[in-house]
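Asker: Can you keep this structure in mind? I'll have questions shortly.
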DNA sequence: CGACGACGAGTAATCGATTACCGGCGCAGT
DNA sequence: ACTGCGCCGGTAATCGATTACTCGTCGTCG
């Protein structure tokens, strides 16, 4: 920058003013400076600028599991919306681990991100204090944490789960196996509760997984090994649904003849299976956009309210009809 | 930091020395400083540190399309390896657009990333100059660019494509439709060339897509609309494969009875389709890891060589047998 | 007992920007 | 012609670290 100033015969202050579009510099001074910048191929050092202005134009996005296409899609949407507003996104992947998450929160705060988007891996709220202490705007995505006082963006699956319950009951299912998410995540608990509630008195067999593929397979195996087999499985996450499908295939069980299957969270390939899988679709992209917008609002000093976007049931035929003998 | 120094009754220099594990400070001084840090909840400002040390412990990762699970997986692997070495990853998504890519390269350089991993959206090498001028270590991932003098990490599909060609010929296919990638990407060109070469003299019908879903559908429609229909389609990317599958479904065509299908780049759901899809699997995770490691080596001043990891054919039965009447 | 070496810790320059404050110049009013 | 007001642009402090250089002190050796 000193070089540019010298080259243009002005001071660094003037260069800075030109760079930041201040009204002060004369058109010709401005031109000289711009020419010097061009000639020297000068690029301002964003670090120095950020140090001075305390703004990095960067968001931190902490995802609980990037292998999960649901989160990958969210990451994409967040990045898209952020970019549209001139922000970069630093991506961090907690791999569903609480410690990793805490480590990353710290790393992102240290890098002075202007805002933080977090899909909490667990309910453990310890990391929250650090964020609050640092005064960095925070938005929670997909999952909540107890005691969080920040905006939350998530999908509301209550209605969709109720619809699914209806649909299963109507199809004659009476033994339902649920592959639930971890009990220490809000989505893990809520989906199970809402689904159970919608079934009225009907009991379900529940096995908890961890929102990952292998756990879906294990859970499916366990459920199909019960003395009284479920006639349909409900996987509360696309990866566990994938694992369940693989396990059913391995066991030689045919969907929906031997056992039905429904999955929470749609993926493009579900309709291509035979039979196409009945799912609850989440508005992934909208969630990512909404979260980024909430964060921008927070940064602008507004008080964005929570966002709840509706998930919805898409019946495709993988739940079958039970023979009422 | 001044507060900490004052609180511990030392100078900022000493605080800094404690923080950076220098040998100098006495154990008791060290203890006093650490106590003060703890008490005040002090966290060092990474920006200031980076400004001084010219190291951000951050990689920039420029992906050509984050919707593509292939790249999402790569991103995950890169992030994983980077984290293992104490680096963060700033993620940028070019959406297969050259301008976007150039913009992002600049943004990442301005943020003084310690290294850059790029999956080039196109062959356009204009952005390369800026990177070279900035002296930031660069590694190319998945795709090359002409005139690039940096390490490249990619999958070598020649053998797998030759195997696929053999497999199709043996199955009796004589009219092969290829849904190729864009001609202005190295992967787009190479896969097509290598496949054609392996077919010997046999001509193929080629439609170029853009590595995205919709283009796969369009290409499939176009190919199936030819006067002499191909008996098998080869999609050179998983998203185009997905699009093709959707289009074939829409047209009421059954795989492999009406038309066979093979896809470049495996995805976990391909084996679940009926029939399971024959694919060429790429070592995605290894590519991500290798790329991050190459970058680390570059930063360490070494001269890592290019990495070529073998893709391999996985026959699953979606290519069928042609009736030899 | 004096001097020198070693080591711990402080002073201050520096990284590359932003910006409050101030000086100088030109123009207008009386 | 002199004063005053504006406006352009320079000087220098500042953001929060790192680190070369220096100083003071203590221990040891001759």
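Asker: Out of (1) in a loop (DSSP other than H, G, I, E, B); (2) within 13 Å of chain A (Cβ to nearest Cβ); (3) out of contact with any strand residue (DSSP E or B) (no Cβ under 8 Å at 6 or more places or on another chain), what's the single condition that is false for residue B:70?
Answerer: Just one mismatch for residue B:70, condition (1).
Asker: Looking at region A:253-274, which of its residues are out of contact with any strand residue (DSSP E or B) (no Cβ under 9 Å at 6 or more places or on another chain) and within 14 Å of another protein chain (Cβ to nearest Cβ)?
Answerer: Of all residues in region A:253-274, those out of contact with any strand residue (DSSP E or B) (no Cβ under 9 Å at 6 or more places or on another chain) come to A:253-254, A:257-258, A:268-269, A:272-274.
Matches in region A:253-274: A:253, A:254, A:257, A:268, A:269, A:272, A:273, A:274.
Asker: Additional query: Out of region B:43-60, which residues are within 6 Å of DNA strand D (Cβ to nearest atom) and assigned to a helix (DSSP H, G or I)?
Answerer: Pass one, region B:43-60, residues within 6 Å of DNA strand D (Cβ to nearest atom): B:44-45, B:48-49, B:51-53.
Listed by number, the residues that qualify are B:48, B:49, B:51, B:52, B:53.
Asker: Then there is this: Within region A:17-31, can one find any residue that is in contact with a strand residue (DSSP E or B) (Cβ under 9 Å, 6 or more places away or on another chain), more than 8 Å from chain B (Cβ to nearest Cβ) and more than 16 Å from DNA strand C (Cβ to nearest atom)?
Answerer: Filtering region A:17-31 for residues in contact with a strand residue (DSSP E or B) (Cβ under 9 Å, 6 or more places away or on another chain) gives none.
No.
Asker: Now a separate question. Is region A:90-101 home to any residue that is within 16 Å of DNA strand D (Cβ to nearest atom), touching a residue at least 12 places away in the same chain (Cβ under 8 Å), over 26 Å from residue B:70 (Cβ atoms) and not assigned by TED's automatic domain parsing to the domain that holds residue A:265?
Answerer: Of the residues in region A:90-101, the ones within 16 Å of DNA strand D (Cβ to nearest atom) are none.
Taking every residue of region A:90-101 in turn, none turns out to be within 16 Å of DNA strand D (Cβ to nearest atom), touching a residue at least 12 places away in the same chain (Cβ under 8 Å), over 26 Å from residue B:70 (Cβ atoms) and not assigned by TED's automatic domain parsing to the domain that holds residue A:265.
Asker: Would you say residue A:97 is crowded, with 18+ Cβ neighbours inside 10 Å and more than 16 Å from DNA strand C (Cβ to nearest atom)?
Answerer: On the way: crowded, with 18+ Cβ neighbours inside 10 Å: no; more than 16 Å from DNA strand C (Cβ to nearest atom): yes.
So residue A:97 does not fit the description; no.
Asker: Separate question: When region B:153-168 is examined, which residues are found to be surrounded by 20 or more Cβ atoms within 10 Å (Cβ to Cβ) and under 19 Å from residue B:294 (Cα atoms)?
Answerer: Residues satisfying the conditions are B:153, B:154, B:155.
Asker: List the number of the failed condition for residue A:93; all other conditions in (1) within 19 Å of the chain's Cα centre (by Cα); (2) over 16 Å from residue B:76 (Cα atoms); (3) within 8 Å of chain B (Cβ to nearest Cβ) hold.
Answerer: The number of the failed condition is (2).
Asker: Return yes or no: is residue A:62 surrounded by 12 or more Cβ atoms within 10 Å (Cβ to Cβ), within 12 Å of DNA strand C (Cβ to nearest atom), more than 9 Å from chain B (Cβ to nearest Cβ) and in contact (Cβ under 8 Å) with a residue 24 or more places away in the chain?
Answerer: On the way: surrounded by 12 or more Cβ atoms within 10 Å (Cβ to Cβ): yes; within 12 Å of DNA strand C (Cβ to nearest atom): no; more than 9 Å from chain B (Cβ to nearest Cβ): yes; in contact (Cβ under 8 Å) with a residue 24 or more places away in the chain: yes.
In short, no.
Asker: OK, next. Within region B:112-127, is even one residue more than 25 Å from residue B:191 (Cβ to Cβ), modelled with pLDDT of 95 or more and within 11 Å of chain A (Cβ to nearest Cβ)?
Answerer: Scanning region B:112-127 turns up at least one residue that is more than 25 Å from residue B:191 (Cβ to Cβ), modelled with pLDDT of 95 or more and within 11 Å of chain A (Cβ to nearest Cβ).
Asker: Condition (residue is within 14 Å of another protein chain (Cβ to nearest Cβ), under 20 Å from the mean Cα position of the chain (by Cα), closer than 30 Å to residue B:148 by Cα and free of Cβ contacts under 8 Å to residues at least 60 places away in the same chain) applied to region B:230-238: is it met by at least one residue?
Answerer: Checked against the condition, which is being within 14 Å of another protein chain (Cβ to nearest Cβ), under 20 Å from the mean Cα position of the chain (by Cα), closer than 30 Å to residue B:148 by Cα and free of Cβ contacts under 8 Å to residues at least 60 places away in the same chain, region B:230-238 yields at least one hit.
Asker: Being near DNA strand D (Cβ under 8 Å from one of its atoms), under 27 Å from residue B:113 (Cα atoms) and loosely packed, with under 13 Cβ neighbours inside 10 Å is the filter here; which residues of region A:1-42 pass it?
Answerer: Answer for region A:1-42, where residues must be near DNA strand D (Cβ under 8 Å from one of its atoms), under 27 Å from residue B:113 (Cα atoms) and loosely packed, with under 13 Cβ neighbours inside 10 Å: just A:13.
Asker: Return the residues of region A:6-42 that are part of a helix (DSSP H, G or I) and in contact (Cβ under 8 Å) with a residue 24 or more places away in the chain; say none if nothing qualifies. Show your work before the answer.
Answerer: Pass one, region A:6-42, residues part of a helix (DSSP H, G or I): A:6-8, A:12-19, A:27-40.
Hits for region A:6-42 are A:7, A:8, A:19, A:32, A:33, A:35, A:36, A:37, A:39, A:40.
The values are calculated or read from the model by the stated rules, or taken from the named source; none is laboratory data. Everything quoted here is computed from the prediction, not taken from an experiment. In this analysis, Cβ positions are derived from the backbone assuming ideal geometry, glycine residues included, and neighbour counts consider all displayed protein chains.
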